[in-house]
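The values are calculated or read from the model by the stated rules, or taken from the named source; none is laboratory data. Since the model is a prediction, treat every value here as computed from it, not as a measurement. All Cβ positions, glycine included, derive from the backbone under ideal geometry; neighbour counts span all protein chains shown. All accessible areas refer to the heavy atoms of the entire protein, side chains included, with ligands and DNA or RNA removed. Shrake-Rupley method; radii C 1.70, N 1.55, O 1.52, S 1.80 Å.
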Amino acid sequence: MAPLRFSANLSWLFPELPGLPARLRAAGSSGFEAVEVAWPYAEPPEALARAAREAGLRLVLINTPPGDQEKGEMGLGAVPGRQAAFREGLEQAVRYAKALGCPRIHLMAGRVPQGADRIAVKAEMEIVFLENLRHAAGVLAEENLVGLLEPINTRITDPQYFLDTPQQAAAILQKVGRPNLQLQMDIFHWQIMDGNLTGNIQEFLPIVGHVQVAQVPGRGEPSSPGELNFPYLFQLLEDEGYKGFVGCEYQPRGDTVEGLSWLRSYWDRRGHPKVASEGLHTTHMPPDSE
């Protein structure tokens, strides 16, 4: 079984460093071969692409723009009346993905409008989402890109988010029926909403295009105290034949590099080529506490 491939989420990791170029350099020197970033749009795509190349990294995931965050928007895919803005944001995301060589775009569903009842607007929002996803699938197919749907938990993180369970997301993907639209599995959100991770991973992994990890409930490193047994979950992903990237989307409890001891331990056990051949960070990273 092939070892898992990990990507550094630069919207979360290395918060002590200002700007994406500095975080790209830090990720590369920490042993990562890939990175992801929620919204890269504050930086020119050509500059980011150059910084990634210099750091020996590839971009594997970006998000569509969130919309007007001052008005509480967090994605537009399922938001009634914002179809034109969603499509404009999709065009921007595709431009960045092409410039960055990034193959996947998270198509953010967005929130139930303020003051609206979730149950009352669910059918309308699903219709909007289906229309936007069909449009997005066509646009992405022309550029050989994949669109991802990510359920975000509504119990802790975002009570107003429209898409909140893997079952809901899978049903929508089935209705759209486009092979270049897949599921994004953030284990943090899945555990909070439904648990049953073994069953859900085995059921939905065939349509998963990207995985993200963080401990529950604190959203820290996988090695931090919490509910989840990540050695078991990583082995399960390997056993089930997962070939995509596992995004490190968590809040470091301290220095990011020191907190990567869990990942260095995994790489040492599984023979990560960069660690094995170059001995990366043997002097900068603490020994595994386990």
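So which residues in the range 1-44 are without any contact (Cβ under 8 Å) to a residue 24 or more places away in the chain and hydrophobic (A, V, I, L, M, F, W, C)? If the condition is that a residue be without any contact (Cβ under 8 Å) to a residue 24 or more places away in the chain and hydrophobic (A, V, I, L, M, F, W, C), then LEU17, ALA22, ALA42 are the ones that fit. State all residues of the range 147-206 that are outside any loop (DSSP other than H, G, I, E, B) and touching a Lys or Arg at 6+ places or on another chain (Cβ under 7 Å); if no residue qualifies, say none. LEU148, TYR161, VAL176, PHE188, ILE192, MET193, listed by residue number.
Of the residues making up the range 142-188, those that are among the acidic types (Asp, Glu) and either open to solvent by less than 10 Å² (accessible area, probe 1.4 Å) or under 13 Å from the mean Cα position of the chain (by Cα) (or both) are GLU150, ASP186. Is it the case that the range 136-152 has a residue that's under 17 Å from LEU90 (Cβ atoms) and in contact with an Asp or Glu (Cβ under 7 Å, 6 or more places away or on another chain)? Yes, the conditions are met somewhere in the range 136-152.
Need at least 3 residues that are open to solvent by 10 Å² or more (accessible area, probe 1.4 Å) per element, so show me which strands (runs of 3 or more DSSP E) inside the range 1-89 make the cut, counting only ones lying wholly within it. The qualifying strands (runs of 3 or more DSSP E) are 58-63. For residues that are in contact with a His (Cβ under 9 Å, 6 or more places away or on another chain) and not in a loop (DSSP other than H, G, I, E, B), scanning just the range 237-258, find the one that is farthest from SER7 (Cα to Cα). Step by step, filter the range 237-258, then rank; the result is GLU258.
Matching residues to (1) open to solvent by 20 Å² or more (accessible area, probe 1.4 Å); (2) over 15 Å from SER30 (Cβ atoms):
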site	(1), (2)
GLU227	yes, yes
PHE230	no, yes
ASP239	yes, yes
PHE245	no, yes
TYR250	no, no
GLY259	no, no
ASP268	yes, no
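Within the range 175-188, residues that are in contact (Cβ under 8 Å) with a residue 12 or more places away in the chain and over 15 Å from LYS243 (Cβ atoms) reach partners that are crowded, with 18+ Cβ neighbours inside 10 Å and among the polar types (S, T, N, Q) with beta carbons closer than 6 Å, at six or more positions or on different chains, in the pairs ASP186/GLN212. Kindly evaluate ALA120 against the criterion of being small (Gly, Ala, Ser), in a helix (DSSP H, G or I) and open to solvent by 70 Å² or more (accessible area, probe 1.4 Å). The answer is yes for ALA120.
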